[in-house]
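The values are calculated or read from the model by the stated rules, or taken from the named source; none is laboratory data. Being a predicted model, the structure only gives us computed values, none of them experimental. Note: ideal-geometry Cβ built from the backbone for every residue, glycine included; neighbour counts use all protein chains shown.
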Amino acid sequence: MESAALSQDEQTEVEAATLSAAIRMTAAAHPDIVAFRTVDDSVSLTWGQVGERVDRVAAGLAALGVVKGDRVAIMLSNRPEFNVVDLAAVTLGAVPFSIYNTYPAEQVNYLLGHSGAKVVITEQVFLAVVSEAAATLPAVANVILVDTQGTDAPSGTLALEAVEELGDPAFDGAAAAAAVGPEDLATLIYTSGTTGPPKGVELTHHNVMAGALLIKYIIDFPAGSKVISWLPAAHIAERMAHHYVPTVHAGTVTVCPNPREIAAFLPQVRPQWFFAVPRIWEKLKAGLEAMQAGQDEAARAPVQKALADSLEAVRLRQRGEEVPTDLAERVAIADREMFSHLRHMLGLDEVLAVSVGAAPLAVDVIEFFHALGIELSELWGMSETTGAGLCNRPGHIKIGSVGTTVPGVEVRLAEDGELLIRGDVVMHGYRDAPDKTAEALDADHWLHTGDIATIDAEGYVAIVDRKKELIINSAGKNMSPANIEAALKSGGPIIGQACVIGDARPFNSALIVLDPDYAPVWAAQHELADKSVAGLTSEPAIRDLVQAAIDNANTKLARVEQVKRFTIVETDWLPGGDELTPTMKLKRKPIAEKYASAIDAMYT
């Protein structure tokens with residue numbers, strides 16, 4: 001029997017074994033689809049234009065001596081030039097990697113030295129840091145600026161447009177791309193270093209293509225599907241969701257340079273896929289609740305009744321129980337008359353999938369969005385798994401889990417409950433760290449993830465916490481600090497960050513950081529507008545508000561997990577600072593050392 005002809009997209013999936021090939025195939029198959037744009041369209045590049053410019057930049061990099069295997073460092077904000085220069089390096093078979101924009105010169109110096117970077121591509125706002133970092137590294141041959149004209153480039157730098165003009169007109173991008181193989185490195189992802197210097201995760205083209213093609217398992221996004229680039233490019237979630245996946249599947253990427261503006265970008269873009277870290281969903285929920293709280297009782301009552309009905313329906317479906325006909329009808333009316341308008345207001349009315357990952361999100365937050373008709377789902381991945389591995393698929397979501405495995409991936413539990421994973425998405429190894437690679441990857445190529453997990457009878461995986469971060473109190477009870485912290489942050493909008501203390505202690509306490517957006521609004525409403533956020537920490541009314549949020553969270557926690565005492569810290573915890581990694585993971589050991597006296601005071 002004659003087989004059916006493959007569609008153009010299916011041909012791309014079959015033929016493109018490398019990202020280098022996928023770039024060219026997407027540009028050829030979808031030349032008129034917008035690839036990368038700013039929200040005001042002051043910059044808007046189609047895939048055809050991207051293909052042409054990628055070759056010009058690749059030719060220029062080749063003229064500077066960049067060859068296959070060379071490392072190219074990128075320190076840029078979210079902007080279309082990032083995507084272009086990254087794909088240009090990939091076309092040559094070079095290995096582009098990104099640096100967190102919050103890193104000081106010392107950390108940038110470490111990454112440039114460890115990677116052996118030959119070229120740094122950056123913008124003027126980061127030039128001073130890059131110049132200081134590269135000053136002691138003779139291997140860094142060129143610093144390229146994307147936001148300056150050729151004649152205005154500061155001494156010791158090159159403008160990107162000048163690099164493009166350097167290229168040999170006879171440069172053959174197709175030949176360069178064809179010389180790249182599936183086992184060649186596509187990028188380095190430097191871990192955020194919660195327990196020591198960052199490790200360089202080596203991801204091959206095979207890893208990247210396996211991860212990008214797995215999106216079809218979650219949902220079949222058509223060409224031209226919209227996403228927003230707003231996370232740091234050094235994070236695997238950003239690279240995969242808003243760079244590699246759109247490149248392979250001809251998506252349209254709108255860049256959001258300031259992540260604090262992401263909520264404003266949503267209604268302007270109306271993405272088909274939106275991926276966000278837990279804090280975004282917590283803030284969206286708090287914002288909607290604050291809007292409702294500002295209404296009078298007559299306006300609030302029907303919304304609260306509709307939300308209660310919808311939550312009941314969500315919970316019935318999650319338990320596998322039938323939703324009574326009268327309840328289903330009330331929910332349908334509420335969705336049509338209320339919730340659909342909320343989705344439109346948020347900019348989530350065109351989504352095909354919405355995802356959350358990187359840290360636990362409280363169940364009640366996920367249920368809230370399901371009740372509004374936004375099928376929020378948790379997924380799980382690591383830098384070491386190309387950001388892929390486990391996901392809840394639309395229509396098959398089990399709230400409280402990170403879903404089931406994707407095709408080509410296996411998982412199992414070690415004797416101590418650690419999650420092990422194996423498959424095409426698992427990294428090649430850590431750069432120049434054979435000992436650390438051997439610790440992470442066993443002889444059968446199972447990756448030891450460091451996460452403690454459970455797997456139910458249907459194959460749904462629930463993450464308990466990081467193996468090294470579990471709290472064991474003085475009575476020997478094991479607890480997950482991350483889950484307790486998620487409950488605290490969902491207990492009330494006044495809590496921006498929380499760090500639970502309790503290891504070898506008789507009870508749990510917490511360091512609390514006020515939410516920097518909500519606290520000033522609350523202060524203005526209570527005649528305290530002249531107070532800074534730091535000044536608010538000593539206000540009795542703020543302490544009462546935090547206590548109420550903790551009391552609310554404690555109702556959802558087992559007695560042994562409940563937080564008995566807390567201290568409000570005066571300063572905000574910023575990504576890349578003393579307390580948080582650039583990906584907003586808690587640096588628990590540095591926190592314990594920095595706030596030792598405050599912690600001890602809660603136990604004396």
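A few comments on the model shown:
- Those helices (runs of 4 or more DSSP H) of segment 87-197 in which 2 or more residues are surrounded by fewer than 14 Cβ atoms within 10 Å (Cβ to Cβ) and small (Gly, Ala, Ser) occupy 173-178.
- Residue within segment 559-577 that is touching a helix residue (DSSP H, G or I) at 6+ places or on another chain (Cβ under 8 Å), assigned to a helix (DSSP H, G or I) and surrounded by 17 or more Cβ atoms within 10 Å (Cβ to Cβ) present: yes
- So LEU288, is it within 30 Å of the chain's Cα centre (by Cα), assigned to a loop (DSSP other than H, G, I, E, B) and in contact (Cβ under 8 Å) with a residue 40 or more places away in the chain: no
- Among (1) in contact (Cβ under 8 Å) with a residue 60 or more places away in the chain; (2) touching a helix residue (DSSP H, G or I) at 6+ places or on another chain (Cβ under 6 Å); (3) farther than 17 Å from LYS489 by Cβ, the one test that ALA553 misses: (3)
- If you go through segment 282-328 and keep only what is of a type in the set (S, T, N, Q) and over 25 Å from ALA359 (Cα atoms), you end up with GLN292, GLN295, GLN304, SER310, THR325.
- PRO169 vs. criteria within 29 Å of the chain's Cα centre (by Cα) and either in the same structural domain as VAL90 (by TED's automatic domain parsing) or over 22 Å from HIS243 (Cβ atoms) (or both): no
- Flag for ALA358 being surrounded by 15 or more Cβ atoms within 10 Å (Cβ to Cβ), under 25 Å from TYR244 (Cα atoms) and out of contact with any strand residue (DSSP E or B) (no Cβ under 7 Å at 6 or more places or on another chain): yes
- Subset of segment 324-361 [part of a loop (DSSP other than H, G, I, E, B), within 27 Å of the chain's Cα centre (by Cα) and at negative phi]: LEU348, ASP349, GLU350, VAL351, LEU352, GLY357, ALA359, PRO360, LEU361
- Residues that are over 15 Å from SER377 (Cβ atoms) and touching a helix residue (DSSP H, G or I) at 6+ places or on another chain (Cβ under 7 Å) within segment 207-220 comprise VAL208, MET209, GLY211, ALA212, LEU213, listed in sequence order.
- For segment 433-451, the criterion of a residue being over 29 Å from MET479 (Cα atoms) and either crowded, with 18+ Cβ neighbours inside 10 Å or not assigned by TED's automatic domain parsing to the domain that holds PHE339 (or both) is satisfied by no position.
- Any hit, segment 539-546, residues being without any contact (Cβ under 8 Å) to a residue 12 or more places away in the chain, assigned by TED's automatic domain parsing to the domain that holds PRO520, exposed (fewer than 14 other Cβ atoms within 10 Å of the Cβ) and acidic (Asp, Glu): yes
- Criterion applied to PRO493, PRO481 was being modelled with pLDDT under 90 and closer than 18 Å to LEU580 by Cα, and the one residue passing it is PRO481.
- In segment 578-604, the qualifying residues are those that are over 21 Å from the mean Cα position of the chain (by Cα) and part of a loop (DSSP other than H, G, I, E, B), and the one that is farthest from GLY491 (Cα to Cα) is THR604.
- ALA233 vs. criteria outside any helix (DSSP H, G or I), closer than 18 Å to PHE82 by Cβ and of a type in the set (Gly, Ala, Ser): yes
- Some residue of segment 572-593 being closer than 20 Å to VAL365 by Cα, in contact with a strand residue (DSSP E or B) (Cβ under 6 Å, 6 or more places away or on another chain) and among the aliphatic types (A, V, I, L, M): yes
- Residue in segment 500-512 that is touching an Asp or Glu at 6+ places or on another chain (Cβ under 6 Å) and either of a type in the set (A, V, I, L, M) or farther than 27 Å from THR385 by Cβ (or both) present: yes
- Residues that are surrounded by 13 or more Cβ atoms within 10 Å (Cβ to Cβ) and in contact with an Asp or Glu (Cβ under 8 Å, 6 or more places away or on another chain) do not occur anywhere in segment 258-266.
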